[in-house]
Amino acid sequence: MSGPRWKKGKDGKSFAALAAANPMSSVVAELQSSLKCSNSVATLSARGGDAIIGVKPEQGVLLNRAAFGRAVENAGAERQWFQLGPEEVFYLCHALKCIAVESENKKQMSEGELWDRLCSASESFPEMYKAYSHLRSKNWVVRSGLQYGSDFVAYRHHPALVHSEFAVVVVPEGVEFGARCGRLKVWSDLLCALRASGSVAKALLVLTVSSSVCELSFPDCLEQLVVHERTITRWIAQQCREQRCEPCREEAKKEEQDDRRESVVFSYYGVILGFAVLSTFLVYKLRF
């Protein structure tokens with residue numbers, strides 16, 4: 001990937017300047033402060049994955065600008081409701097510490113209880129959340145990559161301003177993760193992931209989540225998990241051959257220009273010589 005693909009407004013101008021004037025770190029910090037001051041509470045769904053949070057209209061604007069959750073269509077004017085994914089719920093609660101979470105029975109949950117519920121809903125939640133928080137802490141906007149055949153997609157800024165740059169695949173490594181450690185170990189799987197990401201103009205970013213021996217039953221394990229970043233691109237023989245032959249083409253072009261220059265010089269001297277011979281012949285005729 002050469003760089004971010006910024007979207008354009010109706011005037012044809014790129015949104016890059018707008019994004020630079022409103023860095024994502026500042027937007028998230030503003031959202032964190034607002035939610036913390038209002039003691040916002042999210043309600044976990046009965047199945048233990050997604051959650052619903054009701055906020056003021058100005059907080060709804062911040063949630064949208066920070067790209068957290070999705071607005072519920074039937075939300076009222078005085079209070080807006082957003083649906084948060086499991087990684088988003090725990091990130092706002094654990095990393096930013098700006099919301100509290102309660103069960104469907106309106107009982108407030110501790111971080112440990114919330115972790116247990118989210119892990120019971122999805123066995124792969126520990127490594128998925130670690131990858132999500134790793135990118136979010138670096139001010140990337142992270143969304144589900146299900147429609148692109150990946151775990152996540154990463155945006156440099158808000159999805160309304162820029163296209164996603166990376167299709168993210170999370171690969172756990174360690175005995176704690178059990179059978180989930182076999183991802184992308186087969187060449188066909190890796191090639192499929194490369195093809196899928198390339199067809200939608202995204203680079204493949206593989207996040208390997210590894211650990212020393214730790215217990216995944218508690219959120220404290222997050223400190224023991226280490227994320228390694230790897231971008232993988234597909235080798236295309238034709239492109240590489242053209243790149244290798246680029247100096248050859250430049251050299252051939254230079255030789256052709258030199259030949260043309262020599263031909264012009266030769267033609268110039270030929271005209272002068274011919275004119276001189278013709279003049280000598282005419283003078284000879286006039287004398288005799």
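The values are calculated or read from the model by the stated rules, or taken from the named source; none is laboratory data. Source: prediction; values computed, not measured. Note that we place each Cβ from the backbone using ideal geometry, even for glycine, and neighbour counts take in every protein chain shown. The area values use the complete protein model at the heavy-atom level, side chains included, leaving out ligands, DNA and RNA. Shrake-Rupley method; radii C 1.70, N 1.55, O 1.52, S 1.80 Å.
Does Ala42 meet the test of being open to solvent by less than 40 Å² (accessible area, probe 1.4 Å), at pLDDT 95 or above and over 21 Å from the mean Cα position of the chain (by Cα)?
Working: open to solvent by less than 40 Å² (accessible area, probe 1.4 Å): yes; at pLDDT 95 or above: yes; over 21 Å from the mean Cα position of the chain (by Cα): yes.
So Ala42 fits the description; yes.
I'd like the residue in the range 145-163 that is at pLDDT below 95 and of a type in the set (Gly, Ala, Ser) and, out of all such residues, is surrounded by the fewest Cβ atoms within 10 Å (Cβ to Cβ).
Gly149
Going by the structure shown, is Val61 aliphatic (A, V, I, L, M) and either surrounded by fewer than 20 Cβ atoms within 10 Å (Cβ to Cβ) or on the phi > 0 side of the Ramachandran plot (or both)? I'd like the intermediate steps shown before the answer.
On the way: aliphatic (A, V, I, L, M): yes; either surrounded by fewer than 20 Cβ atoms within 10 Å (Cβ to Cβ) or on the phi > 0 side of the Ramachandran plot (or both): yes.
So Val61 fits the description; yes.
Which one of these is over 30 Å from Glu123 (Cα atoms), outside the structural domain of Leu92 (by the TED database) and open to solvent by less than 60 Å² (accessible area, probe 1.4 Å): Ala29, Ala16?
On the way: Ala29 fails: outside the structural domain of Leu92 (by the TED database).
Selected residue: Ala16, the only one of Ala29, Ala16 that is over 30 Å from Glu123 (Cα atoms), outside the structural domain of Leu92 (by the TED database) and open to solvent by less than 60 Å² (accessible area, probe 1.4 Å).
So, in the range 46-58, of the ones that are open to solvent by 10 Å² or more (accessible area, probe 1.4 Å) and at pLDDT 90 or above, which residue ends up nearest to the chain's Cα centre (by Cα)?
Among them, the one singled out is Asp50.
Only one of these is surrounded by 13 or more Cβ atoms within 10 Å (Cβ to Cβ), part of a loop (DSSP other than H, G, I, E, B) and among the hydrophobic types (A, V, I, L, M, F, W, C): Cys221, Cys181, Cys214. Name it.
Values: Cys221 fails: part of a loop (DSSP other than H, G, I, E, B); Cys181 fails: part of a loop (DSSP other than H, G, I, E, B).
Only one candidate passes the filter, namely Cys214.
Of everything in the range 184-211 that's basic (Lys, Arg) and outside any helix (DSSP H, G or I), which residue is least open to solvent (accessible area, probe 1.4 Å)? Step through it out loud before you land on a result.
Taking the range 184-211 and keeping what is basic (Lys, Arg), we get 185, 195, 202.
Checking the rest, the ones that are also outside any helix (DSSP H, G or I) come to 185, 202.
Details: Lys185: 153, Lys202: 18 Å².
In this case the residue turns out to be Lys202.
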